[in-house]
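We did not get these values from a lab; they are worked out from the coordinates using the rules stated. Small disclaimer: the values here were computed from a predicted structure and weren't measured. Here the Cβ positions follow ideal geometry from the backbone for every residue, glycine too, while neighbour counts run over all protein chains shown.
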Amino acid sequence: MKKQKVIILNSEQQNKQDLDTIAELQEGLQRIDQFPVYTPNLQWFEQFVIQEQQNKKKILIRDLSIFSIIAFIILSGMIISLYQMPAIFIIVQIITSIFIVVYTSVRLIKKANHI
C-alpha cells in the first residue's frame with residue numbers, strides 16, 4: 001500500500017480551507033441549478049413503453065420460432081434414426097449420456113479446484 005503524506009494544518013488554515021471548499025461547492029451547485037431541466041411529457045413515455053413492448057414481443061416470437069424449428073429437426077432426426085437404424089440410435093444415446101457425465105464432471109472438478 002502506498003504511503004500517504006499528511007500535512008498537518010493549524011486551525012486557522014484549516015478553517016479557511018473549509019470555508020473555501022464550502023464556497024466552491026455552493027458556487028458549483030448554483031451553476032448546476034441554472035441549467036434547464038427537460039422532462040419529456042407522459043405521452044412520450046407511454047409511446048416509448050409501447051414501442052419497447054412491441055420489440056420484446058417480436059424478439060420473443062423470433063426466438064420461439066427458431067427454438068421450435070431446431071427442436072422439430074432434432075426430434076425428426078431422432079425418430080427417423082430410431083425406426084430406420086435402431087443401432088445408430090442406441091449408439092447416439094450412449095455417446096450423449098457419456099458426454100453429459102464427462103462434461104459435468106469436468107466442470108465440477110474445475111469449479112472445485114478454482115475455489
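Between the exposed loop cleavage positions of the chain, defined as trypsin sites (Lys or Arg not before Pro) in a non-H, G, I, E, B DSSP state with at most 11 neighbouring beta-carbon atoms within 10 angstrom, the longest gap is 6-115. Size of the stretch 11-84: Rg and Dmax of its alpha carbons, in Å, are 31.1, 95.
The alpha carbon centroids of the stretch 53-71 and the stretch 16-49 are separated by 42 Å.
Between Glu24 and Arg107, the distance separating the two model label sites (each 7 Å from Cα on the Cα→Cβ line) works out to 5.3 nm. In this rough spin-label picture, where each label sits 7 Å from Cα along the Cβ direction, the Gln14-His114 distance is 4.9 nm.
From the helices alone, meaning DSSP H stretches of at least four residues, give me the mean residue ellipticity at 222 nm for the chain, per-run term -39500 (n - 2.57), in deg cm²/dmol to the nearest 500.
On the way: 3 runs with 96 residues, N = 115.
Helix contribution divided over all residues of the chain: -30500 deg cm²/dmol.
Compute the long axis of helix 86-114 from its Cα atoms, compare it with the longest principal axis of the Cα atoms of the chain, and write down the angle in degrees, 0 to 90, nearest 10. Tilt of helix 86-114: around 30 degrees. Each Lys and Arg contributes +1 and each Asp and Glu -1, all at the Cβ; summed about the Cα centre of the chain, the dipole is approximately 860 debye.
With Cα atoms as the point set, the radius of gyration and Dmax of the stretch 50-115 evaluate to 19.0, 53 Å. Modelled label positions at Ile70 and Lys56, each set 7 Å beyond Cα in the direction of Cβ, lie 2.3 nm from each other.
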